[in-house]
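> One structure follows; several queries about it will come next.
The values are calculated or read from the model by the stated rules, or taken from the named source; none is laboratory data. Note that this is a predicted model, so its numbers are computed, not measured. Every residue, glycine as well, gets a Cβ built from its backbone with ideal geometry; the counts of neighbours run over all protein chains shown.
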Amino acid sequence: MKITRFSVLFAGCVIALAAAPAGAHSPGGAIFTTVSDGSEVNYNIYAAKPDVYLDGGPGIGAPATAAGLDDGTYVFQITDPSGKKLLSTDVARCRQFTVVGGLITGVVFQGDGCEHATALDDDHDAVTVQMIPYLDTPKNGGEYKAWVATVDDFLAGCDALGEEDALNVVSCGWAGGNDHGFVTSHSKTDNFKVRDGHNLEIDTHFFDSRTGAKLNGMGITWIDTLGASNRKYSNTNLELNIKSIAHVENVERGLHSIVIADQPGCKVLNVHCYTGGCNTNVNGPTTVNVTVKANDPIWTKDIKVTCATGQ
């Protein structure tokens, strides 16, 4: 696929976004890492760093009614799983992209060629954004974390760290809960690996209480160890051995939360986590806390959700 560049917003227009928002929030929708054409990657494991692209919108497997990212201008970063080590090497203004209609539409033109390369998502007619340049992760397992926040929230986060020229620096600094200007509770994150094949994941399965059939298009909210969130949806991709699963790939060690709520097509009757790392058997919507340990012998943590359908 030919890689192109999209210019949908001039750098001069970004200045208007400098005022801090009255109330910051985590944007709607979801982000996910992908290859250039937007197709899903087995276990979020990539052969090389240039293969990793950012996509955004309702998310893989989401129903047609699912919300995409809030419209606006965003900035991304790549870090190690802890968020402390910033791996992106270009200044923040070069890592901006725009969202219209819930989908990524392009990068922000800078005039000096520093904006990131883009390609087209074959499924959603959206734009994917190549994430290099970024340094190799210090983690032996090849683990990385991608972050996204609105430019407004990023500027406010950097201002809290004492950096007034946030878009023209690589990092605004670090403080607990504020990773280089990305306030965790106001950010979307997704984990991925390069080269290493070992994978730890949390899989949520939705079942029809009447028939026992697995359900696609059902959503969960994943809150990672740092407090950032993302949406995942149950889907089927037999080529990747994914069978009606909302899967969170390459999770870091620590405590994760999976929020399971009533939604169209699923009134939650029971939630049962039946593998090591969690102890949940609850009737009705709930939040499942899942602990992932270093050298965890159980690679996949499974959660079963029983639904009353047709609600």
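> Confirm whether LEU155 is at pLDDT 95 or above, under 25 Å from GLY254 (Cα atoms) and in the same structural domain as THR184 (by TED's automatic domain parsing). Steps first, answer last, please.
Working: at pLDDT 95 or above: yes; under 25 Å from GLY254 (Cα atoms): no; in the same structural domain as THR184 (by TED's automatic domain parsing): yes.
So LEU155 does not fit the description; no.
> Sticking with this one: Based on what the data block shows, is LEU54 within 17 Å of SER187 (Cβ to Cβ) and assigned to a loop (DSSP other than H, G, I, E, B)? Don't jump to the end; show me each part of the working.
On the way: within 17 Å of SER187 (Cβ to Cβ): yes; assigned to a loop (DSSP other than H, G, I, E, B): no.
So LEU54 fails the test.
> Evaluate the following for VAL183: is it of a type outside the set (Lys, Arg) and surrounded by fewer than 16 Cβ atoms within 10 Å (Cβ to Cβ)?
Working: of a type outside the set (Lys, Arg): yes; surrounded by fewer than 16 Cβ atoms within 10 Å (Cβ to Cβ): no.
Taking the combined requirement at face value, the residue does not satisfy it.
> It is to be established whether one or more residues within region 208-222 are in a loop (DSSP other than H, G, I, E, B), out of contact with any strand residue (DSSP E or B) (no Cβ under 7 Å at 6 or more places or on another chain), closer than 17 Å to THR79 by Cα and not basic (Lys, Arg).
The answer is no, given that none of the residues of region 208-222 is in a loop (DSSP other than H, G, I, E, B), out of contact with any strand residue (DSSP E or B) (no Cβ under 7 Å at 6 or more places or on another chain), closer than 17 Å to THR79 by Cα and not basic (Lys, Arg).
> Have a look at PHE97, PHE76, PHE109 and point out the one that is in contact with a helix residue (DSSP H, G or I) (Cβ under 6 Å, 6 or more places away or on another chain) and in the same structural domain as ASN178 (by TED's automatic domain parsing). First the steps, then the outcome.
Numbers: PHE97 fails: in contact with a helix residue (DSSP H, G or I) (Cβ under 6 Å, 6 or more places away or on another chain); PHE109 fails: in contact with a helix residue (DSSP H, G or I) (Cβ under 6 Å, 6 or more places away or on another chain).
Criteria check complete, one pass: PHE76.
> I'd like to check something: does region 178-188 contain any residue that is in contact (Cβ under 8 Å) with a residue 40 or more places away in the chain, among the small types (Gly, Ala, Ser) and under 30 Å from ASN270 (Cα atoms)? Let's see the steps before the verdict.
So in region 178-188, the residues in contact (Cβ under 8 Å) with a residue 40 or more places away in the chain come out as 179-188.
In the following step, the residues that additionally are among the small types (Gly, Ala, Ser) were identified as 181, 185, 187.
Among the residues that remain, those that are also under 30 Å from ASN270 (Cα atoms) are: 185, 187.
For region 178-188, residues in contact (Cβ under 8 Å) with a residue 40 or more places away in the chain, among the small types (Gly, Ala, Ser) and under 30 Å from ASN270 (Cα atoms): present.
> Tell me, please, whether a residue that is surrounded by 16 or more Cβ atoms within 10 Å (Cβ to Cβ) and hydroxyl-bearing (Ser, Thr, Tyr) can be found in region 86-93.
Yes, that holds for at least one residue.
> Report the residue count in region 260-288 for those that are in a strand (DSSP E or B) and surrounded by 14 or more Cβ atoms within 10 Å (Cβ to Cβ).
Applying the first criterion (in a strand (DSSP E or B)) to region 260-288 yields 260, 263, 266-273, 280-283, 286-288.
Okay, now just the ones that are also surrounded by 14 or more Cβ atoms within 10 Å (Cβ to Cβ), so 260, 263, 266-273, 280, 282, 286-288.
Counting residues in region 260-288 that are in a strand (DSSP E or B) and surrounded by 14 or more Cβ atoms within 10 Å (Cβ to Cβ) gives 15.
> Further, regarding this structure: Please go through region 214-242 and pick out each residue that is more than 26 Å from ASN295 (Cα to Cα) and basic (Lys, Arg).
Answer for region 214-242, where residues must be more than 26 Å from ASN295 (Cα to Cα) and basic (Lys, Arg): LYS214, ARG231.
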